[in-house]
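The values are calculated or read from the model by the stated rules, or taken from the named source; none is laboratory data. What you see is a predicted model; the values in this text were computed from it and never measured. Reconstructed Cβ throughout: ideal geometry from the backbone, glycine too, with neighbour counts over all protein chains shown.
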Amino acid sequence: MQKVTREILLAKAAELLAAGTVNRVLGWKAGEFTYDVTPALFTTAAELEKDFVYGPFSGANFSKYLVKETRRDEGKVLVFLKPCDTYSFNQLLTEHRFDRERVYAVGIPCDGMADIQRIKDQAGDGVSGVECDGDNLIVHTLYDGDKTLAMADCLAERCVNCKSKKHVAYDELIGETGDVIDSHRFDEVEKLEKMTEDERFAFWQNELSRCIRCNACRDVCPACTCEKCVFGNPNSGVENKAISDSFEEKMFHVIRAFHVAGRCTDCGECSRVCPQNIPLHLLNRKFIRDIDNFYDEYQAGAEVGQRAPLVNYKQEDLEPSEAVERSGNNA
Amino acid sequence: MENNTNRMKEQILRTSGVNPLKCMRCGKCSGTCPAYDEMEYHPHEFVYMVERGDIEPLLKSESLYKCLSCFACVDRCPRDVEPAKLVEAVRLMVIRQQGQNHLKPDQIPEMLDDELPQQAIVSALRKYAK
Amino acid sequence: MQMTEFKPKIVAFCCNWCSYAGADLAGNNRLNYPAEVKIIRVPCSCRVNPMFILRAFQRGADGVILCGCHPGDCHYTSGNYYTRRRMALLFSMLNFLGIEKERTRVEWVSAAEGAKFAATMNDFVAQITALGENKRLEDLRCKK
Amino acid sequence: MQRIGVFVCHCGTNIAGTVDVKAVAEALRYEPGVVISTEYQYMCSQAGQDMIHEAIRENNLTGIVVCSCSPRMHEATFRKTAQSAGLNPYMVEIANIREQCSWVHKDMEIGTEKAIILGRAAIAKVNLNAPLTPGETPVTKRALVIGGGIAGIQTALDIADAGFPVDIVETKPTIGGKMAQLDKTFPTLDCAACILTPKMVEAAQHENIRILSYSEVQDIKGFVGNFTVQIKKKARYVKEDICTGCGLCTEKCPQKKVPNEFNLEMDNRRAIYIPFAQAVPKVATIDPNYCTMLKTGKCGVCAKVCTAKAIDYTQKDEIMEEKYGAIVAATGFNPISMKPFDEYAYSQSKDVITSLEFERLMNAAGPTGGKLLRPSDGKHPHTIVFVQCVGSRCSAHASKGKEYCSKICCMYTAKHAMLTRDKYPDTDVYVFYIDVRTPGKNFDEFYRRAVEEYGVHYVKGMVGKVSPEGDKLMVQASDLLADKQLHIEADLVVLAAAIEPDMSARPLATMLTASMDTNDFFTEAHPKLRPVESPTAGVFLSGACQGPKDIPETVSQAGAAAAKVIGLLAKDKLKGNPCVAGSDEWMCNGCSSCERVCPYGAITYVTKEFRMPDRTTALRRVAQVNEAVCQGCGACTVACPSGAMDLKGFASSQIMAEVDAICK
């Protein structure tokens, strides 16, 4: 399989800019540290040459940026989409959130992105730089010199449990597309389900109590593209912008998960950006697993125009009274 | 006495699974019955008498043994009452009260005659050879 | 020492066409059920947003029950089918977070089922009373 | 801030017996927004309403809470009271302290406490109420009647006479329905054709009635006052406006072996046919299943003999779309199939017939020219056995038949027996009955005449078995009063078959979103008080599609349905329910979630230009609610992730205020 490199992407972007196919490019740009890569917009080849990066930390899902980006300008915007991003891309199209005509999507293969926390866990503090070397990562540290780690040991959780290497949407593909993977992404959910009610409560109490309500999960989520979020709307009756009680942590996360239930593609961005490392994706996966269990198997974003499970029904659907038992939750 | 009647009625209803209150007294069972003329109490009367708790006369009546258990009344009853099952239940009650004195299968051949319908033999086996 | 008896707070959302009428019928027939149950009328069970349910728990409710027309009988033809999916998923999620599954319930009560309404409420209140106070979804600021 | 008045009703002792109403009024006085709180014996009485009226005026109230019986009972009353005092009727909230408090609790203290909480919740809601004005929709002043039997004809005539245009859609080539097949009608014995055909002609000639015969309703969209209906006009291969109905083609057509459904297939017709002499419209129809020309392209006799040049073999089904304000279902009934009733030998012997077949045998225009002759050998029957309740009054658990009483059989069987004895006094006529049910004007007298004057043998009992033997039918039956089993040698057996709704009723109900019972009869909006209306607004019921009915009842129900339709069409505008959904365009994502759950198709999308907070302009797709179509269920409000969609009168903030008040 062809390895995607910065050069290949730069060449493609430059070519499309030059041809006038697009007039701007959504890409990655280095932040303060090499591992803190941020999304950025480029309009010229020179800008690209200067700041564009692509590496083990280019994990950001650009689909959501298209909502605002396609409204800005008449021309087309170039976006690079990893397989998981294409699901979000389709889901947003299903919800009419952006104009497909204003996007040029280039699908890129992905072998998984690195999680800086996992690197730090292995290399210790003071990571000053990370370089990719084949299947290994060379980690520069301030105190300990360089360390070599296997990329496989540094993959983000969402990449370890990658659900699909298949691009479900693109205008053009670099390299080849892969297959939907029979992943183990529900193992963690299942483990929680098998706990007792009390253990689960303790688990989530511990996790959610760390929430600082920075709203990063919401802001990055490609399903959370509301023009105005209910939690930021003084008229919604549930507005709360800072957490002052344990209830509100739950309220916020349950409602957020419910609002994206059936729409969440399981891209894992919420957990990636959480500064408190709360495994928020488990809430979404629980909904996905319940939907698959209760109704028909459903993958949001697999196709444009799908009818989401929560705006659908069957006459023989299960009763709410049977839900807990069927969901596999231990009482 | 009253109690005894009630008990018998209950037992018949339980063994037969029949609810005589469903009967609308149309008489189709009796209109349908091939053994009608042989019987003292006819199918519709069976239903009515059980409903009233009038069990004693039924227990004594020869009609019990005239029913061929052909189930025509069961098939045709518009109200799904199933009179033949009631007859069967009354018959069973008599048999139970009699104790262990019913016929043995090898006693039957000598009692047969050519006129006897096949169906009667089969139902006789069912009735007597438990 | 005598403990004060625990009186749960129960919020019952009832759809206008079936369950609210069923509750009225329970009244017409003088079928008693505990006064802990307070009914909120909504046009259809599908009007009930999960936020309302969480809000009730936040404000101190110990149990929330949602009543609607039987599936297939919705006045709006399909409202309760959506309710059924929403609540199935919500209840499963709340339980996943360790909230007692007994605190939430959906019952289908028709306008003719006054007796069922009263029986359901008696049963639900008994269930919540046995379960005790809602501690896991409480907002301390809202407690007196 | 609202200025709220609270009015606590004693309802005699109904409330005051278990709730300390004075304490409730006192407690609620200090709730936010409340400026006056009082109680009274009967708030719904004129005096009580006057009190509310005065209070609104004197205190400049902007909202009121009535603590009383269920809003299902008197919400409308108090809304009117508020309106009369100049207050918007939707500024009224009811706290249900009777059905849901005083009647279900016994203890005064507990009842009072709960009543206060319920009152508090209602006050919390009123604080957030906003005046609402019902939207108005225009009414299409035109009615559609589905079914052209006596029910449909009568309804159409009554509506048309009131000056509104009506279309009758009839699936058969002619209107007339079952009544056109009848010979005489009970209890007066006037001939069915003599009273029906003038009505058919009247309908055909009425300037306000259009008859769409040989047509079917394919699709219905819309809502009360504004239905859009697709009607399929089936190709009859004859130009309706040119055909003179001379009938020459029906005599010359070489295809003579087509079972004649009008005579219940007891004789044959041609492939081109007019169902009966008085058919309306009197136009020939080609039966494509039998026409040689249409099947093989070889024949064309009818086209040759038609002087009017009305035959058109190339005709195609035509779909037309029409708009209506009201729809009347008049789809009628059919006798059930006798095939499962094997004990009566219906499939084995031609001489076992149904009562409708008997009607045709007695009818002068029928297959025997009105002579009562056996279908098998054309001989005159001397002994006739009538069996009542065949397939009616069966247990729900029985393998066949219907649970209900078909209602009309007792009377028509008496009629048949009487007519037979009248025409052929040498005939022995037996009627086997379970009960004779004759509630109706002059009905029992009629039945008694059959017995006393015409010597019909009525036997209380049921036929158990009919077996053909030679050219006779051996009837075995019970005579319950004589406690005998009867064996009758009959020449003809007539079965009073149960009736069932026409097959077209269920798909029609689905299109209309009207409800049906388990037997496929249309359900009325209220079994006693609204018997000719369907629960679906704008849909009305006429005739046997609502339940078994005889002609007098059908005609009176047809008139009643027409009166309801006229009442609707007489309005220029319909006031809608103002408690409808509304979307905040600024928050709407245009994601279509609401559209997908809306059962009424009330939500559409427009793309609009918006000035965004960052001072750019952007085109955004946003939802819009058609308030006339929205019924206010609220499904969309929960489907909407951003909370842009809300429901007037039941806003999220209002419901949460109630929740808060209750949990306080």
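General observations
- Residue in the stretch D:25-48 that is assigned to a strand (DSSP E or B), under 23 Å from C:Gly27 (Cβ atoms) and touching a residue at least 60 places away in the same chain (Cβ under 8 Å) present: no
- Checking C:Arg30, C:Arg84 one by one, the residue that is out of contact with any helix residue (DSSP H, G or I) (no Cβ under 7 Å at 6 or more places or on another chain) and basic (Lys, Arg) is C:Arg30 and no other.
- Checking D:Ile97 against (1) surrounded by fewer than 23 Cβ atoms within 10 Å (Cβ to Cβ); (2) within 11 Å of chain C (Cβ to nearest Cβ); (3) in contact with a Cys (Cβ under 6 Å, 6 or more places away or on another chain), the condition it does not meet: (1)
- For the stretch C:6-25, the set of residues classified as outside any strand (DSSP E or B) and within 10 Å of chain D (Cβ to nearest Cβ) consists of C:Lys7, C:Lys9, C:Asn16, C:Trp17, C:Tyr20, C:Ala21, C:Ala23, C:Asp24, C:Leu25, listed by residue number.
- Going through (1) closer than 21 Å to D:Leu128 by Cα; (2) more than 14 Å from chain C (Cβ to nearest Cβ); (3) crowded, with 20+ Cβ neighbours inside 10 Å one by one, D:Tyr30 falls short only on (3).
- Residues within the stretch A:248-278 that are part of a loop (DSSP other than H, G, I, E, B), within 14 Å of chain D (Cβ to nearest Cβ) and in contact with a Pro (Cβ under 7 Å, 6 or more places away or on another chain), tallied: 1
- Strands (runs of 3 or more DSSP E) contained in the stretch D:147-243 and holding at least 3 residues touching an Asp or Glu at 6+ places or on another chain (Cβ under 8 Å) and under 21 Å from D:Ala561 (Cα atoms): D:209-212
- Enumeration of residues in the stretch C:49-69 that are within 15 Å of C:Arg84 (Cβ to Cβ) and assigned to a strand (DSSP E or B): C:Ile65, C:Leu66, C:Cys67, C:Gly68
A quick yes/no check of all residues on (1) crowded, with 21+ Cβ neighbours inside 10 Å; (2) over 14 Å from D:Arg142 (Cβ atoms):
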{"residue": "D:Pro198", "(1), (2)": "no, yes"}
{"residue": "D:Asn208", "(1), (2)": "no, no"}
{"residue": "D:Ser213", "(1), (2)": "yes, yes"}
{"residue": "D:Asn226", "(1), (2)": "no, no"}
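- Restricting the stretch D:105-146 to residues that are part of a helix (DSSP H, G or I) and over 24 Å from D:Pro89 (Cα atoms), the residue that is farthest from the chain's Cα centre (by Cα): D:Glu109
- Residue in the stretch D:645-658 that is charged (D, E, K, R), within 9 Å of another protein chain (Cβ to nearest Cβ) and farther than 23 Å from A:Arg263 by Cβ present: yes
- For the stretch A:93-103, a tally of residues being in contact with a helix residue (DSSP H, G or I) (Cβ under 7 Å, 6 or more places away or on another chain) and buried (at least 20 other Cβ atoms within 10 Å of the Cβ) returns 4.
- Residues of the stretch D:161-181 satisfying the condition of being under 20 Å from the mean Cα position of the chain (by Cα) and of a type outside the set (Lys, Arg): D:Val166, D:Asp167, D:Ile168, D:Val169, D:Glu170, D:Thr171, D:Ile175, D:Gly176, D:Gly177, D:Met179
- First in the stretch A:24-42 and over 20 Å from A:Tyr104 (Cα atoms), second anywhere and hydroxyl-bearing (Ser, Thr, Tyr) and surrounded by 16 or more Cβ atoms within 10 Å (Cβ to Cβ), Cβ under 8 Å, 6 or more apart: A:Val37/A:Ser58
- Helices (runs of 4 or more DSSP H) fully within the stretch B:1-90 counting 3 or more residues that are among the acidic types (Asp, Glu): none
- Residues of the stretch A:279-316 satisfying the condition of being within 13 Å of chain C (Cβ to nearest Cβ), in contact (Cβ under 8 Å) with a residue 40 or more places away in the chain and part of a loop (DSSP other than H, G, I, E, B): A:Pro279, A:Leu280, A:Ala308
- Between C:Glu102, C:Glu133, C:Glu138, C:Glu107, the distinction of being within 11 Å of chain A (Cβ to nearest Cβ), under 16 Å from the mean Cα position of the chain (by Cα) and not in a helix (DSSP H, G or I) belongs to C:Glu107 only.
- Among residues of the stretch A:230-247 being facing another protein chain (nearest Cβ under 7 Å) and either closer than 14 Å to A:Phe258 by Cα or touching a residue at least 12 places away in the same chain (Cβ under 8 Å) (or both), the one that is surrounded by the fewest Cβ atoms within 10 Å (Cβ to Cβ) is A:Val238.
- Pair list, Cβ < 6 Å and 6+ apart or interchain, from the stretch D:452-463 residues that are farther than 10 Å from D:Val431 by Cβ and at the interface with chain B (Cβ under 9 Å from one of its Cβ atoms) to residues that are among the small types (Gly, Ala, Ser) and surrounded by fewer than 24 Cβ atoms within 10 Å (Cβ to Cβ): none
- Restricting attention to the stretch C:118-141, the residues that are small (Gly, Ala, Ser) and buried (at least 21 other Cβ atoms within 10 Å of the Cβ) add up to 1.
- Within the stretch D:502-549, restricting attention to residues that are among the charged types (D, E, K, R) and free of Cβ contacts under 8 Å to residues at least 12 places away in the same chain, the residue that is farthest from D:Ala396 (Cα to Cα) is D:Arg530.
- Total residues in the stretch C:26-39, condition more than 7 Å from chain D (Cβ to nearest Cβ) and surrounded by fewer than 23 Cβ atoms within 10 Å (Cβ to Cβ): 3
- Qualifying residue in the stretch C:74-93 (condition: of a type in the set (Val, Ile, Thr), part of a helix (DSSP H, G or I) and under 17 Å from the mean Cα position of the chain (by Cα)): yes
- Search result, residues across the stretch D:281-333 that are assigned to a strand (DSSP E or B) and within 26 Å of D:Ala563 (Cα to Cα): D:Glu321, D:Glu322, D:Lys323, D:Tyr324, D:Ala326, D:Ile327, D:Val328, D:Ala329, D:Phe333
- C:Phe52 vs. criteria among the aromatic types (Phe, Trp, Tyr) and within 9 Å of chain D (Cβ to nearest Cβ): yes
- Residue tally, condition closer than 26 Å to D:Tyr344 by Cα and either within 14 Å of chain D (Cβ to nearest Cβ) or exposed (fewer than 15 other Cβ atoms within 10 Å of the Cβ) (or both), over the stretch B:69-105: 16
- Residues that are of a type in the set (Val, Ile, Thr) number at least 2 in the following strands (runs of 3 or more DSSP E) confined to the stretch D:586-664: D:603-611, D:617-625.
- Only one of C:Leu97, C:Leu66 that is within 11 Å of chain A (Cβ to nearest Cβ), at pLDDT 95 or above and under 25 Å from A:Ile288 (Cα atoms): C:Leu66
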